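In what follows, a structure is listed as structure tokens, so that the remarks can point back to it.
The values are calculated or read from the model by the stated rules, or taken from the named source; none is laboratory data. In this text the structure is predicted, and so the values were computed from the model without any measurement. All Cβ positions, glycine included, derive from the backbone under ideal geometry; neighbour counts span all protein chains shown.
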Amino acid sequence: MMTEQRFNTVSARTGFFLCAAAIGLIARLGAAVTRATLLAFVGLACMLAPCHAGAAELITGLGGDSGFGNLAMGRNDDGSSASIAFGAGFPHGLKLFSGTYKTGYINNNGNITFSAGHGPYTPVPFPVTNLPMLAAYWGDVDTRGTLSDPLRNNVYYSTAIAGKFIVTWHDVGYYSNGVNKLNAFQMVLTDRKDVAEGDFDIEYRYSRLEWTTGSASGGADGLGGTPAQMGYDAGDGKNFFRHADSGTAAILTLVETSNVGVPGVWRFEVRGGNATPVRTPILVDVRLIQTLNASHIAVDPASFVTPPQSVTTANGRTVIEWGFAAFPADITKDLSFDIVFKNPVGGERREVVSKLELLYKDVNGNPVRTELGAEFVNVHPSVYQVTPSSDKALYGPNEPVLISSAVKNLSAASGSTAVRLSILDSSNVFVAMVGTLPAQTVEAGAVKLFGALSFPSGTTYVGNYKILAELLDPAGKVIASGTSSFAIGAAAGQNAKVAIVSDKQVYQPFETVRLSDHLVNQLVNASIDDLRIQTVVRNPDNSVRMTRTEVLAQLPPSGVKDYAYSVALGWAAIGRYTATVTVTKADGSVLAQALTTFSVASSADSGAGLTGSITAAPASTGSGQTIKLAFNATNNGNAALVGLPLTVSIIDPDLQQVVASYPYAGNLAIGGVYDGASEWVALAGTGGNYVAVLSARVGAKDLTLAQVALRVVTLDSTQTRQPVNRVLALVSCREGEDDAKPGAACLSARAQTIAHALEAAKVTHTIVSDELAFKKALRSGLYNTYWLSGKQGKLHGQLANELKQAVFGGDSALIDSEHDQRNGLDAMAGIRWNGKYGASDLNVDIAGPVFSVQQLATVGRSGRVLLAGGTQHAAFNAGRGADGAAIIGNHFGAGRVVQYTFDLPFSLRTYAQWQAVLETSLKHVQTAPADIVIPGAVVPVKLALNNRGPAAAFSINTALPLNSAYLGSSPDASVDAGTGALSWLVSLDAQQSWDGLLSFRAPPAAGPGVLRTVVSLVDPASGTAAPFGDPLVLTLNVVDATKSAAQARAALMAYAPLARKDSNLRDKLAADVTVAMSSFNLNTAAGYDTAIAQLLDVIDQLSGLPAVNTRPVHDCLNRIVREAQWRWSQAAKN
């Protein structure tokens, strides 16, 4: 073994507090001299805390799978994020010089901007006009490269920490697709509203910096060219900061330098919009003392990078000292030098550094001392040189690479070593492990050829590769390595293949052609980059109809890409069309082409593009009415249509029959229009739904061009005066009877029972219990049916006579219970009272034909009557005899009366079967409306619709006679506030009917009163209504008191009696009528009241005229009485 050996060694930086460097030494036996390099990088990055080994830790725990928050953008080159809000942690935004920003754009190339994304990849030295920017590391970042961890080589952002906006470039590569060197850094923006609104801090953190430049910026393997830039820029050409190492290779030292005493951390304060770097702390009286073992180590005095103040050797120790009066935090010093091993022994562990001392005064003037302990190095027993080689320089896909290795022993002793072979790419990134050759002995100074191993190229990407041969000692540690190069190329032949197809071969005009491009990379081990795929469709005349160009950045090995297009033909001409697809590189060289053809047929053969429309006016009408049809046909095809047969058909869709047909023929040029018209008389008496269809015959085909729905409605409608019960009930009780409740309790029970029964019969009613209320209601004219119920007659004198005249004039009455009070009403009922039955609760046998035959029980005592012109409808059973009538009906004048000789309400309350008898009685007493109507009379009118056609909606509009007064309707009508007209909207299904009832008071003056109703059919599409059929007209003959009085006097004077006394009576009655009319014409309540009494007296005296038909006179006087009653009612209100 030689006494002195010399080696190159590997250095490493460690340290504490001031980051003083430690030493990493590896000595190998076999060279002439052993040599080591000692590196010491002294800085202030660790001034206030223990020194990290030259890098800042990135902030994590920010959410997401990566721990850095949200993905800012997908993998890309030169891209930018969308506008991103800095979040709620920055309520006042970022005030940076003259601008305030609440959102920004994260740019892939290591910076953020505010007005828009920024893609330039080569950094332009600050300042840059109109480009406010914060640049943590502005360089050509490319995140498209693939790493084993898919979360790396991405850009993230987070607002997870309150008051902070953090952007992370996580192990990002460089252009193009470079991932053999990676950078990891962060931009941290911190809101400082605690200082002032809009103030914030900027912090750049660097944990890994390995590349400076992309290949498009002049770099090679990530270095050289125009390196990255760090700083900030206001964009105004004046305010900016550009780190001194920007644009130089030293930009990589950002990972170990700082302006705040933490390696890899740079911080800036933005106050009032102005940004400044944080003040640089300065240490003073800095001394670094290195102590070496002089018995083992010699120092090469010519190797010092930074000359020391002193080098002293004594007592087996060499002491080296550097001194600095002041040392700013952002300064780095290289204190490396060479050492020489003395008499190295293989396998020994030798001390090379005894200790390293660092002394200084901190920013507060406090003395600080730090010491690092001893460092050792292992001396290996031998050293080798290995040279791998391949059987040739270039390989294709799926071709084996045969690798052999030659190992040379450079030492003076034999030794054993194994060879491990692996494949690296041109960037020294591991590709594959080939294998390990077993250890063999290599004699001193000899060369040993190890056996060959094979690496299958398979589908490994095209490119330059290295064979890495590593020599392993028995413990498996690498003791030497060597490399050789080879290349993998693409297979010979066409790189790309493309096809284009259409979904059909023949199209009609106005159809859409669907084209599909199919692109395939036929290379199994190489991508095809920067492709342009252009698809062109040409018309039959070779003019261009469509062009589409796609840009494909990369098509991976064996990759497939499909594109789809839609080509709307529109007015496409007849003929053959071509569609081509061409694939080119960015330089224009053609890689692949394909072509397909398709044809467009003539519309004259198919009718394609032929459209039409048809309208009907009206679309809904009555049977027998005329519907006008207007139609047109338009030729939107690509050929003229000559003599085109057109037909308008009326079709019954239910029967699937054509009920009418109208043929036409038209000549239509391209774009031409044919207009036509038809008229169809809807089938009389037949309602239903029909369809008008416009069709054309092209070749052997019938084409439906348009259709419109028709509706033929058959409706029966009537408007008639309707007899309707309007009941006024007078209830009474007599106390002391065994079967009657006393007083108010009896009246209440009777009234409640009558009310319940009339409500069940749906009859309008009013119930009173005193004579005055009955008088007011009777004279109002609102009622036409009077129900007297109870055992005490309350009608006396004139009021009873007024009731009789109301019935005589056409009203009706119901009377129940035994009335042995004499008030003259028994004659009106057609009976004569004959006492009362002693027994109570008698059964009644009811006979037809008015009532249903049945037997019912009564409650209480019943009266005994004899018929005096009335008709018996029911009798008490058990042989009660001639005076056993229980229900009697009678005609009295123009009116009708039904008399019950028992207590009907209390019987009804006990036995529900009496309800049907009551309702039959109410219908029975209804009388036909009189031809003559007195002023103010209540006129009920029934409107009836019967739809015998299809379902339809109808609008009903009724105009009341002039000066009449609307009282109500069922169902409720809409009333026009201006005109008082009534309207209903009625929807009727087929065969459905509708009834409406309205009532009004006749006009107050004599003359004809016209009620006019118009029924209109509603169009379902437009909602408009058109009159359907003739209006319904009802004319009232309103005769007032003046005319009736004249008619009465004329009728009296036409009587020529033989006896003087009779003629005297005649003259007296005529004069009395005149007197009564004088009272009437006072137009006061008192005058009307007097006239009523006078007229009733005249009526009573008419019977004194012998052998004379006084009915015409009686009818005239009756009308005057009833008009006087109504006018009294109106005057009494005032």
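Numerical summary
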read-out: Strands (runs of 3 or more DSSP E) wholly inside the stretch 929-992 that include at least 3 residues being in contact with an Asp or Glu (Cβ under 8 Å, 6 or more places away or on another chain); value: 938-947
read-out: Condition check for Thr276: polar (S, T, N, Q) and over 24 Å from Asn130 (Cα atoms); value: no
read-out: Candidate set: the stretch 838-883, residues that are buried (at least 19 other Cβ atoms within 10 Å of the Cβ) and of a type in the set (S, T, N, Q); chosen: the one nearest to Thr753 (Cα to Cα); value: Thr858
read-out: Among the candidates Gly225, Gly219, Gly235, Gly264, residue that is in the same structural domain as Tyr175 (by TED's automatic domain parsing), surrounded by 19 or more Cβ atoms within 10 Å (Cβ to Cβ) and over 27 Å from Leu96 (Cβ atoms); value: Gly219
read-out: Strands (runs of 3 or more DSSP E) (entirely within the stretch 353-443) containing at least 2 residues that are at pLDDT below 90 and outside the structural domain of Gly476 (by TED's automatic domain parsing); value: 367-372, 375-380
read-out: Selection from the stretch 74-98 of residues that are at pLDDT below 95, crowded, with 16+ Cβ neighbours inside 10 Å and among the aliphatic types (A, V, I, L, M); value: Leu96
read-out: Residue check for Gly637: touching a residue at least 60 places away in the same chain (Cβ under 8 Å), in contact with a strand residue (DSSP E or B) (Cβ under 8 Å, 6 or more places away or on another chain), within 26 Å of Ala1026 (Cβ to Cβ) and part of a loop (DSSP other than H, G, I, E, B); value: no
read-out: Where Ala487 falls short, out of the listed (1) in a loop (DSSP other than H, G, I, E, B); (2) surrounded by fewer than 17 Cβ atoms within 10 Å (Cβ to Cβ); value: (1)
read-out: Flag if Val1015 is buried (at least 18 other Cβ atoms within 10 Å of the Cβ) and either within 22 Å of Ala616 (Cα to Cα) or within 53 Å of the chain's Cα centre (by Cα) (or both); value: yes
read-out: Residues (closer than 17 Å to Gln593 by Cα and of a type in the set (Gly, Ala, Ser)) located in the stretch 513-556; value: Ser516
read-out: Residue among Ala882, Ala928 that is more than 19 Å from Val807 (Cα to Cα) and among the small types (Gly, Ala, Ser); value: Ala882
read-out: Every residue from the stretch 772-798 that is at negative phi, surrounded by fewer than 18 Cβ atoms within 10 Å (Cβ to Cβ) and without any contact (Cβ under 8 Å) to a residue 40 or more places away in the chain; value: Leu772, Ala773, His796
read-out: Residue match in the stretch 136-147 (condition: out of contact with any helix residue (DSSP H, G or I) (no Cβ under 9 Å at 6 or more places or on another chain), more than 18 Å from Ser81 (Cβ to Cβ) and surrounded by fewer than 18 Cβ atoms within 10 Å (Cβ to Cβ)); value: yes
read-out: Qualifying residue in the stretch 1068-1080 (condition: surrounded by fewer than 17 Cβ atoms within 10 Å (Cβ to Cβ), closer than 27 Å to His796 by Cβ, among the basic types (Lys, Arg) and not assigned by TED's automatic domain parsing to the domain that holds Ala806); value: yes
read-out: The listed residue being closer than 30 Å to Ser695 by Cβ, touching a Ser or Thr at 6+ places or on another chain (Cβ under 8 Å) and in the same structural domain as Glu679 (by TED's automatic domain parsing), out of Thr611, Thr621, Thr615; value: Thr611
read-out: Hits in the stretch 618-643 - residues which are modelled with pLDDT of 90 or more, over 21 Å from Val513 (Cβ atoms) and among the hydrophobic types (A, V, I, L, M, F, W, C); value: Ile627, Leu629, Ala630, Phe631, Ala633, Ala640, Leu641, Val642
read-out: Per-region count, the stretch 928-951, residues surrounded by fewer than 18 Cβ atoms within 10 Å (Cβ to Cβ) and of a type in the set (S, T, N, Q); value: 1
read-out: Filter result for the condition that a residue is in a loop (DSSP other than H, G, I, E, B) and modelled with pLDDT under 90, over Gly863, Gly838, Gly848; value: Gly848
read-out: Qualifying residue in the stretch 107-124 (condition: under 22 Å from Asp201 (Cβ atoms), crowded, with 23+ Cβ neighbours inside 10 Å and in contact with a Lys or Arg (Cβ under 7 Å, 6 or more places away or on another chain)); value: no
read-out: Candidates Ser969, Ser921, Ser999, filtered to the one that is free of Cβ contacts under 8 Å to residues at least 60 places away in the same chain and surrounded by 15 or more Cβ atoms within 10 Å (Cβ to Cβ); value: Ser969
read-out: Residue within the stretch 601-615 that is surrounded by 16 or more Cβ atoms within 10 Å (Cβ to Cβ) and in contact with an Asp or Glu (Cβ under 8 Å, 6 or more places away or on another chain) present; value: yes
read-out: Positions within the stretch 631-652 being surrounded by fewer than 15 Cβ atoms within 10 Å (Cβ to Cβ) and either under 15 Å from Ser695 (Cβ atoms) or of a type in the set (A, V, I, L, M, F, W, C) (or both), in sequence order; value: Val642, Pro645
read-out: Cross-chain or 6+ apart pairs with Cβ under 6 Å, the stretch 1053-1080 first and farther than 23 Å from Ile1120 by Cβ, then modelled with pLDDT of 90 or more and assigned to a helix (DSSP H, G or I); value: Pro1057/Ser1063
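Conditions (1) over 26 Å from Pro344 (Cα atoms); (2) in contact with a Gly (Cβ under 6 Å, 6 or more places away or on another chain); (3) assigned to a strand (DSSP E or B), marked per residue:
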{"site": "Asp236", "(1), (2), (3)": "yes, no, no"}
{"site": "Asp245", "(1), (2), (3)": "yes, no, no"}
{"site": "Leu252", "(1), (2), (3)": "yes, no, no"}
{"site": "Val262", "(1), (2), (3)": "yes, no, no"}
{"site": "Phe268", "(1), (2), (3)": "yes, no, yes"}
{"site": "Arg287", "(1), (2), (3)": "yes, yes, yes"}
{"site": "Thr312", "(1), (2), (3)": "no, no, yes"}
{"site": "Phe324", "(1), (2), (3)": "yes, no, yes"}
